[in-house]
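A short worksheet on the structure shown next.
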Amino acid sequence: MAPNASTPAAPLAPTAPADDPRFTWPLHPRPQLIRGFDAPETDFGPGHRGVDLAAAADQQVVSAGTGYVVFAGTIAGRGVVSIDHDGGLRTTYEPLVPQVAAGDQVYAGQVIGTVIAGHPECTVAVCLHWGVRRGLEYLDPLPLVQETTRLRLKPWNSG
C-alpha cells in the first residue's frame, strides 16, 4: 500500500555515510575549541571573526584546504597566512611563523607554518586564531570541518 494523506510518511533515517567535510582541521590532532565565532552585528562592530584553537608552541599549522597563498607575513607584529580557496573562501591563520610565501599553491593538510604564542585574546598559553570569510563576510569555520549526515527515505513496508 502506498502512503497517502492518511498514511504516515516513511521515517527518515541516517542510512548513508556522513558527507566528508569541506576542509580539514588546521591543527592535528583535532584541537580544543577555546573561543567560538561571534559574528559582528555591523561591519566594524565588536565580535570574534573566527575561532581560537588550543595549540602547543611550535605546533605545525596545516592548510585547511587546497588553494593559493595570498598573504604570508606580519600584521601588527603577528605572523599571518591567508589562503584563497575555491568558492570564494579565504582562510586566515595567526599567530604563526609562515613556511609558505604569497603565490604558493597549497594542498589540504600541507604545513604552512608553526604556531607561536602571542594571540592576545587567547585564554590558554598558546592558541591559533583561524578565520574564514567569503568576500567581506566573515563566516564560522567550524561547519566547514564538521561532518554532516545525509538523510534519505527508507522503503515503506506495510504489514
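Laid out as a table, the results:
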{"read-out": "Residue count, region 63-78 (criterion: within 20 Å of GLY36 (Cα to Cα) and surrounded by fewer than 19 Cβ atoms within 10 Å (Cβ to Cβ))", "value": "0"}
{"read-out": "Residue in region 83-99 that is under 17 Å from the mean Cα position of the chain (by Cα), part of a strand (DSSP E or B) and of a type in the set (Phe, Trp, Tyr) present", "value": "yes"}
{"read-out": "Considering residues of region 107-121 that are among the hydrophobic types (A, V, I, L, M, F, W, C) and within 18 Å of the chain's Cα centre (by Cα) only, the residue surrounded by the most Cβ atoms within 10 Å (Cβ to Cβ)", "value": "VAL115"}
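Values quoted throughout were computed directly from the atomic coordinates according to the rules given, and no laboratory measurement underlies them. None of these values were measured; they are calculated from a predicted model. Heads up, the Cβs are rebuilt from the backbone with ideal geometry, glycines too, and the neighbour counts pull from every protein chain shown.
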